[in-house]
Each structure stands twice: as C-alpha cells, then as structure tokens.
Amino acid sequence: MTTPKKILVIRNDKIGDFMLSWPSFSLLKKQYPEAEITALVPEYTAPLAEQCEWIDKIIIDERNPSLFSDISALSKKIKAANIGISISLFSETRTALSLWLARVPVRLGPATKLAQLFLNSRLRQNRSQSAKPEYEYNLDLIKYYIGLNADTPVAVPEPPYLSFNSPEVTALKNKLVNKYSLSDNKKIVFIHPGTGGSAINLSTEQYAELANFISQMCDAYFVITAGPGEITVAKKLSALINSAHHIHSSTSDIIVFCKFLSIGDLFISGSTGPLHIAGALNLNTAAFYPARRSATSLRWQTINSPEKRLCFSPGNFTGENDMMQIDIKESASRIVNTFFS
C-alpha cells in the first residue's frame, strides 16, 4: 500500500469525542507530513477543527432528514475531495456507505456492526469493553493504517494539542485579574456543572460542596462556566458557593471560550466536551465519572499530561445515584494537595 496524497479522517460526533481524536491527527500528520489531511466533522465542531494544526481541510457533515438524500449528498462531497484513503475513527453505516458510493479506494475503520460491510480494511477493537482510553482506540486505527503501509509509527506528539498565542492569553488573564481585583497568588478554578448530554454527573450541591471545601484549603477564585441551555444550573451553583466567583456564559463562539479556559489553573467537571477541551489545552483537570463501564474514567480519560489529571468515581455501578458515594471532602483535599500544595 502506498501513502495517498489525500487522507480523510472521520470523527463526526460530539465535541468531547472529537477532541479525543487530536492525538490521532497529530500522529498521522507527523508520520506523513506531505499528505493532505481532511477531517469530516459536523458544523458545531468545525471551528475547533480549524484550530487543529494537523488538519489541512474540512468537510462539513450536514445531515439530511431524508436518508437517501443524506447519503447521496455526503458521498458527492467526499467524491469531490478526491480522497485516496478514509480512516473512520467513529464509524456509522451512513458514512461507511457514503465512502463506498464515493469509491474511496481504501476505507479503514473499526470492525463493528453493519458499517463494516462497506469498509475494505477493518480493525477489531471491541470498544464496548472499555479496556483502554477512547483516544488510544483512535490511535490504534492510525497505527494500523501505518502498519498496512509497512511503516513503523513515529512517537505520538506530546500535549498540549490545542494552544493559543501567549500574549493573547496573558491579556485575557490580566483582564480577569483586574476586573475582579485578584491577588497574584489567587488560583483560578473553572467549574463546569452542566452535563452536556452526559447522563450521570455530580449534583449541583456536590459541586458547591467541593468548591467550598477547596476555598477552605487554598486561595481560589471560581469561574462557573455555562454553555447553551446550562445557565440555570450555573445560577443554582452560584447561589450555593460561599467564596468569590462569577458565572461565565458561553453561547456562541467556542474558540473564544477555549481561549478563556486556557487562563485557568484548574478545570473541574464531569465527562463533558469542555473537560476534553481543557485536556487538549493541557490544563490541570479534576474529572468526575460514573462507574458504568461505557462511561468510566479509563474509557474517557483526558489527553493532558498524566500528572495534570485527577479522576474520581464511585466504586460500583448500580444506578444514577452512584455519584453520591464519592467523598467530596476527600476529593477536595486530593485536588488541592495535587495541584496547589
């Protein structure tokens, strides 16, 4: 197999899933720097894809309610891009069929369900077992393709995977510090209490308890972040936090939100898209996961450096009330001792 000049990588699901594909894009581009890497993404993650230095072009996946017209339109887009190989990090029947109709010569992806019938190169992964992090499953597909080329994978680039101009970040931090008269030793701690579609998370009361314990142990200023539809839970949390804080509502430009996150000393949340953005920025993260196998801390591990991440979860999965098993005071102590001592 020869290295095509144009490679399409598909990760057209949610923001968190897409951020966990950035190590894969970085490896692919480092391995084949002359190749043109195109990403198939939905419109809402396209601004993030534009920030990824390893992505050269973007195809927007505009879903159509009519299955026939949806697949027809997508296959035409892919065919027009003259793709030599596709790597489906996230595989579904509609995209696999579109690739087949577009006559992409090499169509690689997970050996899963009906979608695999339209692929001609498959890797069995058994992701449902959650035996490794999602980003490693993604990397395995890239490494599999590299192996098909009889090449040896180069080292995966280290984090951060997402970064911004230092003077711009410094200016943002200075603006916050001056606006709220923060001292030099004040730690800026982001808390994102929204679920972002995740079914299981800490309660608002638990997040408030966590913030209040942290503020007793160190000098912290809290920023409660809220995405679209999350302002109500942010206000509820705000009413329960005793120390200095404010709410930051982000409803439009996701890149502005990413730049703002980059000024933080710590990001706290459940397994949401913003958590995985923080991971890509290589921020300190403290994440709370349920014990359910499909949603564990191992499966949805962030992509920041190991020393920059902490995770907390209940011992066993029995239902949505499992998160009440987590010792919030002990969690706060671990967070402060790990990141601020």
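Tabulated data
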quantity: The stretch 274-341: relative contact order as a whole-number percent, Cα under 8 Å and 6+ apart; calculated: 30
quantity: Förster-model FRET efficiency, 41 Å R0, residue 231 and residue 30, C-beta, rounded to 0.05; calculated: 0.50
quantity: Rounded if a/c under 1.5, otherwise prolate or oblate - the stretch 38-151, Cα gyration tensor axes; calculated: rounded
quantity: With at most 14 neighbouring Cβ atoms within 10 Å, loop GluC sites (Glu not before Pro) (DSSP) excluded, longest segment of the chain; calculated: 63-341
quantity: Listed residues 19, 217 arranged by accessible area, highest first, probe 1.4 Å; calculated: 217, 19
quantity: Three-way shape call for the stretch 184-293 based on the alpha-carbon gyration tensor, with the a/c threshold at 1.5; calculated: rounded
quantity: Local net charge near residue 155, Cβ-Cβ under 12 Å (Lys/Arg +1, Asp/Glu -1); calculated: +1
quantity: Mean Cα-pair separation over length for the stretch 1-154, i.e. relative contact order, pairs under 8 Å, 6 or more apart, %; calculated: 24
quantity: The chain, accessible area per residue, ligands and nucleic acids excluded (1.4 Å, Å²); calculated: 44
quantity: With Cα atoms, 0 to 90° folded angle of helix 22-31 axis to the chain main axis; calculated: 50
quantity: Positive minus negative residues near residue 222 (Lys, Arg vs Asp, Glu; Cβ under 12 Å); calculated: 0
quantity: Pairs from 6/113; 57/235; 113/235; 76/308; 14/173; 77/235 whose Cα-Cα separation, in the structure shown, is over 32 Å; calculated: 57/235; 113/235; 76/308; 77/235
quantity: Mean Cα-pair separation over length for the chain, i.e. relative contact order, pairs under 8 Å, 6 or more apart, %; calculated: 16
quantity: Cut-off 13 Å (backbone N to label point 7 Å along Cα→Cβ of residue 120), residues of the stretch 76-94; calculated: 84-86
quantity: Residue-count net charge about residue 71 - beta-carbon cut-off 13 Å; Lys, Arg +1, Asp, Glu -1; calculated: +1
quantity: Of all accessible heavy-atom area on the chain, the percent that carbon and sulfur account for (1.4 Å); calculated: 50
quantity: Anisotropy class of the stretch 1-83 from Cα gyration tensor, a/c 1.5 cut; calculated: oblate
quantity: For Rg and Dmax of the Cα atoms in Å, calculated from these coordinates, the label among (i) 21.0, 62; (ii) 20.3, 65; (iii) 20.5, 78; calculated: (i)
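The values are calculated or read from the model by the stated rules, or taken from the named source; none is laboratory data. Everything numeric in this text was worked out from a predicted model, so none of it was measured. With ideal geometry, Cβ positions are generated from the backbone for all residues, glycine too; neighbour counts draw on all protein chains shown. Heavy atoms of the whole protein, side chains included, go into the accessibility calculation; ligands, DNA and RNA do not. Shrake-Rupley method; radii C 1.70, N 1.55, O 1.52, S 1.80 Å.
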